[in-house]
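Reviewing the structure listed below.
The values are calculated or read from the model by the stated rules, or taken from the named source; none is laboratory data. Predicted model, so just to flag it, every value in this text is computed and none were measured. Cβ placement follows ideal geometry from the backbone for every residue including glycine, while neighbour counts extend to all protein chains displayed. These area figures cover heavy atoms from the full protein model, side chains too; ligands, DNA and RNA do not enter into them. Shrake-Rupley method; radii C 1.70, N 1.55, O 1.52, S 1.80 Å.
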Amino acid sequence: MTHEKIEAHSRTQIAKFLPNALSVVLKNHQEFLKEKMPTEVADYKKHQEACKVALAHIELLTKLAAWADIIDPSVEQARKQKELNE
């Protein structure tokens, strides 16, 4: 199998997998955020670290989606423009 065929096959597999993966990750993160905020400093720090890891996971999945060409370019461009304007 050529490199191009492997890459195309990978993009197809990722395109099938990612929408559900993103949905699950976002739902899990939302549920985590609904939990009561810790009051102890050590627990609060652990909570914040968990949130950072979840956001990094979401960012990685969206970058993978962009690589697999399953993100609408106009939506991605609008998001980038909004970030620049903030």
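Before moving on, here are some points about what is shown:
- Of everything in segment 1-25 that is part of a helix (DSSP H, G or I) and polar (S, T, N, Q), the residue that is least open to solvent (accessible area, probe 1.4 Å) is SER10.
- Among the criteria (1) open to solvent by less than 70 Å² (accessible area, probe 1.4 Å); (2) of a type outside the set (Ser, Thr, Tyr); (3) modelled with pLDDT of 90 or more, the one ASN28 does not fulfil is (1).
- When ALA54 is tested against (1) open to solvent by 80 Å² or more (accessible area, probe 1.4 Å); (2) not in a loop (DSSP other than H, G, I, E, B), just one condition goes unmet, and that condition is (1).
- The combined condition, being surrounded by 11 or more Cβ atoms within 10 Å (Cβ to Cβ), modelled with pLDDT of 90 or more and part of a helix (DSSP H, G or I), is not fulfilled by ALA42.
- Within segment 12-59, the residues that satisfy the criterion of being in contact with a helix residue (DSSP H, G or I) (Cβ under 9 Å, 6 or more places away or on another chain) and of a type in the set (Gly, Ala, Ser) are ALA15, ALA21, ALA50, ALA54.
- Applying the set (1) assigned to a helix (DSSP H, G or I); (2) over 20 Å from CYS51 (Cα atoms) to LEU33 leaves exactly one unmet item: (2).
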